[in-house]
Amino acid sequence: MAYFDNAATTYPKPDEVYSFMDSFYRTHGGSAGRGNYDLANTARGIVDETRTLIQRLLHCPAKQVIFTPTATIALNMIIQGLIVGEAKNIYISPFEHNAVTRVLHHFEQTGQITVTELTVSKSLEYDLERIRYQFDSLRPDLVIVSHASNVIGLVAPVEQIFELAKEYEAKTLVDMAQTAGLVDLNVGLETIDYAVFAGHKTLLGPTGISGFVMKPNANLTPVLFGGTGYDSANQNMPDSIPEKYEMGTLNIAGIAGLNAALKWITQQTVERLYQEEETQRQRLLKVLTKYGFLTVVGNVENRKYVGIVSCLIDGISSDTAGSIFAERGISVRTGLHCAPRAHQFLGTFPAGTIRFSVNALTADSDFEELQDALEDIEMNL
Ligand SMILES: Cc1ncc(COP(=O)(O)O)c(C=O)c1O
């Protein structure tokens, strides 16, 4: 089996992630913040340490880290909280995931918000002049940008877009599901209000643990409620952060895995992991462009990308293509990748694309198997 679906979830993880999850959860699997005995205290310790590791990796020691089970839940909590708090005019990039657009669609249907796409040129450049014009015409309350598209891997100039957004006093939210721990971003910047991370993707941790970073004074309206392990007689959520946004029992096994992954990334360095992923992306592009039956979509010279490449096969639907690759042991993702608006922008809607995604841990043997499979497909087309 050759794995080219790292944008869905990275696989394999560094060995340290598997071994530390197993050993920590066997020996310290208590419930963090739910008791004052050894097991609960060591669980609490790993949670606190993991928050600090995230703050260091994202350069935001003064911001707070909230853990959630998925990036989708984190995005829901922020977007819904801001809409309840009166955000009406919401701008998004053309590349947002359904974890953003379905939430917005729900509120758009009820007439509570308007959603506008930021202008991006056909050559995949965010047009800041036009975006300023858009903001002048309809003042933004909230600007949401996917740091990297999960369809074509394009990295957005988040710092510039948010600097502009702040001239209009908009709230800002960056979805780092495809970039945290891979593309260096100073999340400590005053212009970034919220940054969402997915533990199981570029952060190389397990599924079931994700979260977001926010300013301590953000005053985000809570939209989920429940037990926090203290102040139980009070039926309001506590004012303290992270408890205000962390209801329910935390995923200690997941946090242990994320802890080991963060230490591994810190040791390797984000810069090196990005360089290695870029080398793998170039290698992937070289293999794919050798075959005339494949057309790469959304890859423009001199733009910054993560290791995601989308393709089309002439005359074959992307879903059929998925089976063709699966029969040959190649794991790829086909269709719309939960990002229909990105495909509308790229002109690949509704059929979608075949998506290959690599990272620093993609093995030589994966590339060899891909090459063999492509030779075989070419002969049998
Ligand atoms: C850009 C982006 N945002 C959000 C998500 C949602 O992540 P999760 O499914 O882990 O909640 C994904 C997952 O594919 C993604 O690629």
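Kindly identify the chain as rounded, prolate or oblate by the Cα gyration tensor criterion: order the square roots of the eigenvalues as a ≥ b ≥ c, call it rounded if a/c is under 1.5, otherwise compare a/b with b/c, prolate if a/b is larger, else oblate.
oblate
Please list, by residue number, every one of the chymotrypsin sites (Phe, Trp or Tyr not before Pro) in segment 207-250 that is coil in DSSP and has at most 13 other beta-carbon atoms within 10 Å.
When the chymotrypsin sites (Phe, Trp or Tyr not before Pro) of segment 207-250 are filtered for loop state and at most 13 Cβ neighbours within 10 Å, 225, 230 remain.
What percent do you get for the relative contact order of segment 170-249 when only Cα pairs under 8 Å and 6+ apart count?
Computed over segment 170-249, the figure is 22 percent.
Calculate the FRET efficiency for residue 247 and residue 344 from the Cβ-Cβ distance with a Förster distance of 51 Å, rounded to the nearest 0.05.
About 0.90, to the nearest 0.05.
Short version: ³J(HN,Hα) in whole Hz for each residue of segment 339-347, in order, from phi by Karplus 6.51 cos²θ - 1.76 cosθ + 1.60 (θ = phi - 60°), x for Gly and Pro, what are they?
Once rounded to whole Hz, the list reads 9, x, 5, 4, 5, 4, 5, 7, x.
Going highest first, how would you order 328-335, 104-111, 280-287 by mean Cβ packing within 10 Å?
The packing order, highest mean first, is 328-335, 280-287, 104-111.
Using DSSP to call loops (not H, G, I, E or B), can you name the trypsin sites (Lys or Arg not before Pro) in segment 118-159 whose Cβ has at most 16 other Cβ atoms within 10 angstrom?
The qualifying sites are 122.
Is the shape of segment 190-346 rounded, prolate or oblate, going by the alpha carbon gyration tensor and its root eigenvalues a ≥ b ≥ c, with a/c under 1.5 for rounded and a/b larger than b/c for prolate?
prolate
So what is the relative contact order of segment 15-268, in percent, for Cα pairs below 8 Å that sit 6 or more residues apart?
Reported as a whole number, the value is 29 percent.
Which of 311, 338 has the fewest other C-beta atoms within 10 Å, and how do the rest follow up to the most?
338, 311
Out of the DSSP beta bridges found with both residues in segment 15-268, what percent are antiparallel (nearest 5)?
45 percent
If you rank 272, 51, 102 by fewest surrounding Cβ atoms within 10 Å, what's the result?
272, 102, 51
Counting other beta carbons within 10 Å of each Cβ, put 210, 23 in order, fewest first.
Lowest to highest Cβ neighbour count: 23, 210.
Between residue 266 and residue 235, what is 0.36 nm times their sequence separation minus the Cα-Cα distance? Round to one decimal in nm.
7.1 nm
Under a point spin-label approximation (7 Å from Cα along Cα-to-Cβ), what is the residue 130-residue 381 distance to one decimal in nm?
Each label point lies 7 Å from its Cα, and together they span 3.2 nm.
With a cut-off of at most 12 other beta carbons within 10 Å, and DSSP calling the residue loop, which GluC sites (Glu not before Pro) in segment 247-317 qualify? Please list them.
Taking segment 247-317 and a limit of 12 other Cβ atoms within 10 Å, the loop GluC sites (Glu not before Pro) found are 301.
When a/c reaches 1.5 or more, the comparison of a/b and b/c decides; with that in mind, is segment 76-165 rounded, prolate or oblate per its Cα gyration tensor?
oblate
Please check: in the Gaussian network model of the chain (C-alpha springs, under 10 Å), which one of 315, 205, 254 has the largest mean-square fluctuation.
315
Using label points projected 7 Å from each Cα along Cα→Cβ, tell me how many nm separate residue 364 and residue 37, to one decimal.
That separation, rounded to one decimal, is 5.3 nm.
Under a Cβ-only charge scheme (Lys and Arg +1, Asp and Glu -1), can you give me the dipole magnitude of segment 15-268 about the Cα centre, in debye to the nearest 20?
My answer is approximately 360 debye.
To the nearest 0.05, what FRET efficiency results for residue 351 and residue 323 with a Förster distance of 22 Å applied to their C-beta separation?
For residue 351 and residue 323, the calculated efficiency is 0.90.
Coordinate-derived values only; no laboratory data. The structure presented is a predicted model; accordingly, all values stated were derived computationally and were not measured. Virtual Cβ from ideal backbone geometry, glycine too; neighbours counted across all protein chains shown.
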